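K.L.:
The structure's right below; bear with me while I get my questions together.
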Amino acid sequence: MQKEAEKENSAAQAVPLDEKDRAILRLLQANAKMTVREIAANVHLSTTPVHERIKRMEDEGVILQYATLVNHARIKKGLMAICYITLKEHNKKSGAKFIKTIQEFPEVIEFYIISGAFDFMLKVVAEAMDDYYNFHVNKLGQVENIGQVQSTFVMGVIKQTQPMIS
């Protein structure tokens, strides 16, 4: 528990990264399955310092997780929608309850607090429009404190990537 709290605190603070750290991150962003040996060969270090650098970046919250990008259409989740949501009440308790509820929906694959005309943005995937309608009416529509929902449907993906270090 304490380690998670330390990661949260460190997330708010910038971590100094040298060029070797950045090179390691670029390689891992391109292929998280690379072995430490392969990374070491690419950045011209031995395996021990590369392993230590990766471990340090994980401990400091620079590396949050290792993930696989999935082609949604290939797994019958070809419909993607962006939902913009405004809450009726803007207080800590109702906001926290809303966030907890939305996090439990497996259809929601990304979830952001935003500024502007709306309070939150959700990226939702579904097999087809009927499934999205079911999600919208029977799940999202049942969540307390929602004032407005606007759905925009993704017609095609031009770029889907996660790299932060280029």
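The values are calculated or read from the model by the stated rules, or taken from the named source; none is laboratory data. Since the model is a prediction, treat every value here as computed from it, not as a measurement. Cβ placement follows ideal geometry from the backbone for every residue including glycine, while neighbour counts extend to all protein chains displayed.
K.L.:
Scan region 97-121 for residues that are of a type outside the set (Ser, Thr, Tyr) and assigned to a loop (DSSP other than H, G, I, E, B) and jot them down.
P.N.:
First pass over region 97-121, keeping only residues of a type outside the set (Ser, Thr, Tyr): 97-100, 102-111, 113-114, 116-121.
Scanning region 97-121 gives 104, 105, 106, 107, 114, 116, 117, 118, 119.
K.L.:
Looking at region 27-47, I want the residues that are on the phi > 0 side of the Ramachandran plot and have a partner that is exposed (fewer than 14 other Cβ atoms within 10 Å of the Cβ) and small (Gly, Ala, Ser) with Cβ atoms under 9 Å, at least 6 apart or on another chain. Which pairs are those?
P.N.:
As it stands, the answer is none, since no pair meets every condition given.
K.L.:
Can you tell me which condition residue 10 does not meet? The list is (1) at pLDDT 90 or above; (2) surrounded by 14 or more Cβ atoms within 10 Å (Cβ to Cβ); (3) not β-branched (Val, Ile, Thr), and all the others hold.
P.N.:
(1)
K.L.:
Specify which of the listed residues (77, 100) is without any contact (Cβ under 8 Å) to a residue 60 or more places away in the chain, of a type outside the set (Asp, Glu) and either loosely packed, with under 13 Cβ neighbours inside 10 Å or within 29 Å of residue 15 (Cβ to Cβ) (or both). Write out each step before concluding.
P.N.:
Details: 77 fails: either loosely packed, with under 13 Cβ neighbours inside 10 Å or within 29 Å of residue 15 (Cβ to Cβ) (or both).
Answer to the selection: 100.
K.L.:
Also, quick follow-up: Any chance you could count how many residues in region 119-145 are β-branched (Val, Ile, Thr) and surrounded by 18 or more Cβ atoms within 10 Å (Cβ to Cβ)?
P.N.:
2
K.L.:
Identify all residues within region 102-137 that are touching a His at 6+ places or on another chain (Cβ under 8 Å) and within 12 Å of residue 86 (Cβ to Cβ); write none if there are none. If you could, list the steps in order and put the result at the bottom.
P.N.:
We begin by selecting, within region 102-137, every residue touching a His at 6+ places or on another chain (Cβ under 8 Å); these are 119, 125.
Of everything in region 102-137, just one residue is touching a His at 6+ places or on another chain (Cβ under 8 Å) and within 12 Å of residue 86 (Cβ to Cβ), namely 119.
K.L.:
Another question about this same structure. Would you be able to tell me the number of residues in region 136-158 that are more than 26 Å from residue 91 (Cβ to Cβ), outside any loop (DSSP other than H, G, I, E, B), in contact (Cβ under 8 Å) with a residue 12 or more places away in the chain and not hydroxyl-bearing (Ser, Thr, Tyr)? Explain how you work it out, then say what you get.
P.N.:
Of the residues in region 136-158, the ones more than 26 Å from residue 91 (Cβ to Cβ) are 137-138, 152-158.
Retained after the next criterion (residues that are outside any loop (DSSP other than H, G, I, E, B)): 137-138, 152-153.
Going one step further and asking which of them are in contact (Cβ under 8 Å) with a residue 12 or more places away in the chain, we end up with 152-153.
From what's left, not hydroxyl-bearing (Ser, Thr, Tyr): 153.
The qualifying residues number 1.
K.L.:
State whether one or more residues within region 54-69 are charged (D, E, K, R), in a helix (DSSP H, G or I), within 30 Å of residue 156 (Cα to Cα) and free of Cβ contacts under 8 Å to residues at least 24 places away in the same chain. Steps first, answer last, please.
P.N.:
So the first thing to find is which residues in region 54-69 are charged (D, E, K, R), and the list is 55-56, 58-60.
Now restrict to residues that are in a helix (DSSP H, G or I): 55-56, 58-59.
Now narrow it down to the ones that are within 30 Å of residue 156 (Cα to Cα): none.
No, region 54-69 has no match at all.
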